[in-house]
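To start, the structure itself, in structure tokens.
The values are calculated or read from the model by the stated rules, or taken from the named source; none is laboratory data. This is a predicted model, so every value here is computed, not measured. Because the Cβ atoms are built from the backbone with ideal geometry, glycine has one as well, and the counts that use them run over all protein chains shown.
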Amino acid sequence: MVVYIKIKEEAMQNIKAFIFDLDGVLVDTAKYHYLAWKRLAEELNIEFSIQDNERLKGVSRMQSLDIILEIGNITLNRDTKIQLAQKKNIWYVEYISNLTPKDILPGVIGFLESTKANGIKVALGSASKNSMLILDKLNLTNYFDAIIDGTKVSKAKPNPEVFLKGAKALKVLPSQCIVFEDAEAGVEAAINGGMYCIGIGSKDILKKAHLVLSGFYDITFDKLKL
Ligand code: BG6
Ligand code: MG
């Protein structure tokens, strides 16, 4: 049985590009971000739960640290915060050091292949400064016509900067893009940028997305009803 994913017709007219978030959409690195932040929070004696972690998804490294410090009601100076963020990143990079293409989430490769075969342009829109390292480990770099990552933006999601830059690099209008996002902040960023957004994850969390899928599994471009 072929399952079609219904997308509002007016939204799908004229779609020319897909913009993918990285962490939690193409690869399950979200769990390593959580482990590294949890380790830092423990060192700071801050209780940090998996629910709290939802607030960190999609936002920049420094903002993530600010959220954790706010939870712990701790104020630190800028230099200390820079050191702590670096420490977290060293742990995070250690955790992801063994990533291989096997860690790409189910269905992602098939979806990317069918997307490209249908002439849709593809960009990355991620807050992560480790994006290039991760794409390289996963052998995914060549799928992307444009890569906008944390080194190229100054405003964190929910600001739409990362996606607008992606659209610009692909030479398409925001209204011609579909964004795939697993984070609340990312869904908001796509919507703030005037883009159609498909949430990847739970409907309970990604309430603002136009459509939510639990993952790509056996979804191909043709199954998005265009
Ligand atoms: C996003 C993650 O993709 O990248 C966030 O969802 C993370 O959790 C952010 O904080 C920044 O990542 P990095 O790798 O630059 O610390
Ligand atoms: Mg994400």
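Do you know which of the residues in segment 108-135 that are within 15 Å of ligand 2 (Cβ to nearest atom) and not small (Gly, Ala, Ser) is surrounded by the fewest Cβ atoms within 10 Å (Cβ to Cβ)? Out of the qualifying residues, it is Lys129. Restricting to segment 55-73, and then to whatever is of a type in the set (D, E, K, R) and crowded, with 17+ Cβ neighbours inside 10 Å, can you tell me which residue is farthest from ligand 1 (Cβ to nearest atom)? By that ranking, first place goes to Arg55. Any idea which residue in segment 18-54 is farthest from ligand 1 (Cβ to nearest atom), counting only those that are acidic (Asp, Glu), part of a loop (DSSP other than H, G, I, E, B) and touching a residue at least 60 places away in the same chain (Cβ under 8 Å)? The residue in question is Asp28. Kindly establish whether Ala123 is modelled with pLDDT under 95 and not hydroxyl-bearing (Ser, Thr, Tyr). No; evaluated as a whole, the condition is false for this residue.
Only strands (runs of 3 or more DSSP E) whose full extent lies in segment 148-225 are considered here, and the ones with at least 2 residues that are modelled with pLDDT of 95 or more and within 25 Å of Met132 (Cβ to Cβ) are 177-181, 196-200.
With a requirement of 2 or more residues that are among the basic types (Lys, Arg), the helices (runs of 4 or more DSSP H) lying completely within segment 55-121 that satisfy it span 78-95.
For Leu170, the requirement of being crowded, with 20+ Cβ neighbours inside 10 Å and closer than 16 Å to Thr115 by Cα is met.
Please work out which residue is surrounded by the most Cβ atoms within 10 Å (Cβ to Cβ), limiting yourself to segment 177-200 and to residues that are away from ligand 1 (no atom under 12 Å from the Cβ) and farther than 17 Å from Leu124 by Cβ. By that ranking, first place goes to Gly199.
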